[in-house]
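The values are calculated or read from the model by the stated rules, or taken from the named source; none is laboratory data. Remember, predicted model here, so these are calculated numbers, not experimental data. Every residue, glycine as well, gets a Cβ built from its backbone with ideal geometry; the counts of neighbours run over all protein chains shown. Accessible surface is based on the protein model in full, side chains and every heavy atom, while ligands, DNA and RNA are left aside. Shrake-Rupley method; radii C 1.70, N 1.55, O 1.52, S 1.80 Å.
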Amino acid sequence: MLTKNQICRAQINDITSEGSGVCRIDGMAVFVPDTAAGDILDVRIVKVLKSYAYGIIENMIEPSAERVAPDCPHYKQCGGCVFRHINYGAECSVKNKIVSDAFSRLGGIDTVPDEFIGGDSTGRYRNKAQYPLAVRDGKAVCGFYAERTHRVIPIEDCPLQPEVFADIVCTSLDFINAKKLPVYDEKSHTGILRHIYIRQGAHSGELMVCYVVRKEFSRQLRPLADILTKNYPHIKSVIMNVNPDKTNVILGRDSSVLSGADHICDTMCGNTVQISAQSFYQVNTVQAEKLYRKALDYAAPNSSDIIADLYCGVGTIGLSMAAEVGKIIGVEIVPEAIVNAKLNAAQNNITNAEFHCGDAGEVFERLRQKGCSPDIIVLDPPRKGCSEQTLSTVVTAAPRKVVMISCNPSTAARDAKWLGEHGYKTEKICGVDLFPRTKHIECVVLMSRNES
């Protein structure tokens, strides 16, 4: 039996979805962070449970060929980039295995995934960042939460974000500190400024800056909005969002414009799209375009097909398919996203798309009762996956194909298993890396109705 502080020599044989290496010592699995497959090292045991243990690197004997030097000074403090210590090829192999294991182990599905789609770039790819504010030594700072905490690690420049984000953050902090504006404290629920939230159109370059506040604060923030728009010509929108609640949710319901428009524009799969502060929009535009092309490839629609796009966001998936089909029907619960989706369809002269606001399962059930019979259903649910009501509605609608896009292979496998038990066979799976260096993975799944 392993004991705490025991030091053992071992070789790392695998990597978990959280980025920790796995070795076996005396028949027990031991998880060791910051390691790579092939590392030979001395491990200090720090925690022993019934069937597994945790360790840390005591001494590196022979580093893996997959290991690289982390290129971010905040790498270990922040915890966001769990794969920054291995080369990108190794990361893609790990992520492909995570997708495959999820479907085989959790879904009981033995379909071999298609070739994993890696990223063209592993840095500066994010089009959105949300920086929580805090006070350190009497000054306002912002950055990211340390893993599994709400302790802010001050980080002005993250190698995953565009460099202009760091410039905007610095300008904002200089103003906040010069004016001594009150920063929110979530423990006491006092102070005003909660988050700095920035979006950028990857192709257009247009920028939106949103200040999330606990209560009305526009008079104090308008001078800052003026400074930003003067110094950064690509800023087309400065927004104040009010979130008065004691909550981990970043955005509140009410937003107002401090300067410019209430949205920015970008291009996705050849379509011009409007993006508001509250609209869902994939954070890696270039990789999202690859993801949507793979979804269209899996759907392989006929020109007369009706596609129902559930969890449609601002309509980017459905609109990317509109030219290939007879009709697109989008459903989304966020009202602002539906407004953007309708505008996006109109400004791209797409006349065969309609959008409905509400819970995907409830809205589609109403549409189904009115005679909506889609040939293909596209699902793009949140990390928690589809509700059983939505899945039941899908089965009742009986499309010949279901294409699921998911940011969580585990819930995608669970939902594919449920659909498999109700008449749908998983035909194809493909992992797509929208989040290089982090633990997050997207996948796209094709399911076909069993005619029997």
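Please go through segment 38-68 and pick out each residue that is part of a loop (DSSP other than H, G, I, E, B), touching a residue at least 24 places away in the same chain (Cβ under 8 Å) and hydroxyl-bearing (Ser, Thr, Tyr). Before you say what the answer is, go through the steps one by one.
Filtering segment 38-68 for residues part of a loop (DSSP other than H, G, I, E, B) gives 38-39, 49-51, 63-66, 68.
Next, only the ones that are touching a residue at least 24 places away in the same chain (Cβ under 8 Å) stay: 38-39, 63-66.
The answer is Ser64, and nothing else.
Tell me, which residue of segment 389-418 that is under 24 Å from the mean Cα position of the chain (by Cα) and of a type in the set (Ser, Thr, Tyr) is modelled with the lowest pLDDT?
Thr390
Which is touching a Pro at 6+ places or on another chain (Cβ under 7 Å) and farther than 19 Å from Arg84 by Cβ, of Ile117, Ile176, Ile192, Ile196?
Details: Ile117 fails: touching a Pro at 6+ places or on another chain (Cβ under 7 Å); Ile176 fails: touching a Pro at 6+ places or on another chain (Cβ under 7 Å); Ile196 fails: touching a Pro at 6+ places or on another chain (Cβ under 7 Å).
From the options Ile117, Ile176, Ile192, Ile196, the qualifying one is Ile192.
Do you know which residues across segment 7-22 are part of a loop (DSSP other than H, G, I, E, B) and β-branched (Val, Ile, Thr)?
Hits for segment 7-22 are Ile12, Thr16.
When you check Cys312 against the structure, is it in contact with an Asp or Glu (Cβ under 7 Å, 6 or more places away or on another chain), in a loop (DSSP other than H, G, I, E, B) and touching a residue at least 60 places away in the same chain (Cβ under 8 Å), yes or no?
When the stated conditions are applied, Cys312 passes them.
Against the condition of a type in the set (Val, Ile, Thr) and open to solvent by 10 Å² or more (accessible area, probe 1.4 Å), how does Val395 come out, does it pass?
In short, yes.
Just to confirm my filter: which strands (runs of 3 or more DSSP E) fall fully inside segment 69-161 and include at least 3 residues that are under 30 Å from Tyr211 (Cβ atoms), β-branched (Val, Ile, Thr) and open to solvent by 50 Å² or more (accessible area, probe 1.4 Å)?
By residue number, no strands (runs of 3 or more DSSP E) qualify.
Pairs under 8 Å by beta carbon, first residue over 10 Å from Gln11 (Cα atoms) and part of a loop (DSSP other than H, G, I, E, B) in segment 23-37, partner open to solvent by 50 Å² or more (accessible area, probe 1.4 Å) and at pLDDT below 95, six or more apart or different chains?
Going by the 8 Å Cβ cut-off, the qualifying pairs are Asp26/Met1; Asp34/Lys76.
What residue, of Ser387, Ser410, Ser392, is under 19 Å from Thr111 (Cα atoms) and touching a Gly at 6+ places or on another chain (Cβ under 9 Å)? Walk me through it before giving the result.
Values: Ser387 fails: under 19 Å from Thr111 (Cα atoms); Ser392 fails: under 19 Å from Thr111 (Cα atoms).
Of Ser387, Ser410, Ser392, the one residue that is under 19 Å from Thr111 (Cα atoms) and touching a Gly at 6+ places or on another chain (Cβ under 9 Å) is Ser410.
Working carefully through the options Asp34, Asp14, find the one that is on the phi > 0 side of the Ramachandran plot, among the acidic types (Asp, Glu) and either open to solvent by less than 30 Å² (accessible area, probe 1.4 Å) or within 33 Å of the chain's Cα centre (by Cα) (or both).
On the way: Asp14 fails: on the phi > 0 side of the Ramachandran plot.
Result: Asp34 is the single residue among Asp34, Asp14 that is on the phi > 0 side of the Ramachandran plot, among the acidic types (Asp, Glu) and either open to solvent by less than 30 Å² (accessible area, probe 1.4 Å) or within 33 Å of the chain's Cα centre (by Cα) (or both).
State all residues of segment 419-448 that are more than 29 Å from Arg67 (Cα to Cα), open to solvent by 20 Å² or more (accessible area, probe 1.4 Å) and without any contact (Cβ under 8 Å) to a residue 60 or more places away in the chain; if no residue qualifies, say none.
Hits for segment 419-448 are Glu421, His422, Gly423, Lys425, Ser448.
Which number in (1) surrounded by fewer than 22 Cβ atoms within 10 Å (Cβ to Cβ); (2) over 17 Å from Asp309 (Cβ atoms) marks the one condition that Ala416 misses?
Status for Ala416: all satisfied but (1).
Which count do you get for residues in segment 262-311 that are open to solvent by less than 40 Å² (accessible area, probe 1.4 Å), within 30 Å of Val213 (Cα to Cα) and under 15 Å from the mean Cα position of the chain (by Cα)?
Count: 6.
Quick check: is even one residue across segment 184-195 farther than 19 Å from Asn243 by Cα, open to solvent by 20 Å² or more (accessible area, probe 1.4 Å) and not β-branched (Val, Ile, Thr)?
So far as segment 184-195 goes, no, none of its residues is farther than 19 Å from Asn243 by Cα, open to solvent by 20 Å² or more (accessible area, probe 1.4 Å) and not β-branched (Val, Ile, Thr).
Applying the selection to segment 327-342, what residues are out of contact with any Leu (no Cβ under 8 Å at 6 or more places or on another chain) and farther than 15 Å from Phe280 by Cα?
Answer for segment 327-342, where residues must be out of contact with any Leu (no Cβ under 8 Å at 6 or more places or on another chain) and farther than 15 Å from Phe280 by Cα: just Lys327.
Mind listing whichever residues of segment 324-379 are open to solvent by less than 20 Å² (accessible area, probe 1.4 Å) and either free of Cβ contacts under 8 Å to residues at least 24 places away in the same chain or in a helix (DSSP H, G or I) (or both)?
Those that are open to solvent by less than 20 Å² (accessible area, probe 1.4 Å) and either free of Cβ contacts under 8 Å to residues at least 24 places away in the same chain or in a helix (DSSP H, G or I) (or both): Ala337, Ile338, Asn340, Ala341, Asn344, Ala345, Ala360, Gly361, Val363, Phe364.
Against the condition crowded, with 19+ Cβ neighbours inside 10 Å, touching a residue at least 24 places away in the same chain (Cβ under 8 Å) and touching a helix residue (DSSP H, G or I) at 6+ places or on another chain (Cβ under 7 Å), how does Val212 come out, does it pass?
Against the criterion (crowded, with 19+ Cβ neighbours inside 10 Å, touching a residue at least 24 places away in the same chain (Cβ under 8 Å) and touching a helix residue (DSSP H, G or I) at 6+ places or on another chain (Cβ under 7 Å)), Val212 does not qualify.
So which residues in segment 245-281 are over 21 Å from Asp380 (Cβ atoms), at pLDDT 95 or above, touching a strand residue (DSSP E or B) at 6+ places or on another chain (Cβ under 9 Å) and part of a loop (DSSP other than H, G, I, E, B), if there are any at all?
If the condition is that a residue be over 21 Å from Asp380 (Cβ atoms), at pLDDT 95 or above, touching a strand residue (DSSP E or B) at 6+ places or on another chain (Cβ under 9 Å) and part of a loop (DSSP other than H, G, I, E, B), then Gly252, Ala261, Asp262 are the ones that fit.
Arg67 - would you say it is under 18 Å from Phe31 (Cβ atoms), in contact with a Gly (Cβ under 9 Å, 6 or more places away or on another chain) and either basic (Lys, Arg) or at pLDDT below 95 (or both)? Full working, then the answer.
On the way: under 18 Å from Phe31 (Cβ atoms): yes; in contact with a Gly (Cβ under 9 Å, 6 or more places away or on another chain): yes; either basic (Lys, Arg) or at pLDDT below 95 (or both): yes.
Judged against the criteria, Arg67 is a match.
Suppose we filter segment 237-253 for residues that are farther than 15 Å from His189 by Cβ and surrounded by fewer than 21 Cβ atoms within 10 Å (Cβ to Cβ); how many remain?
Total meeting the criteria: 4.
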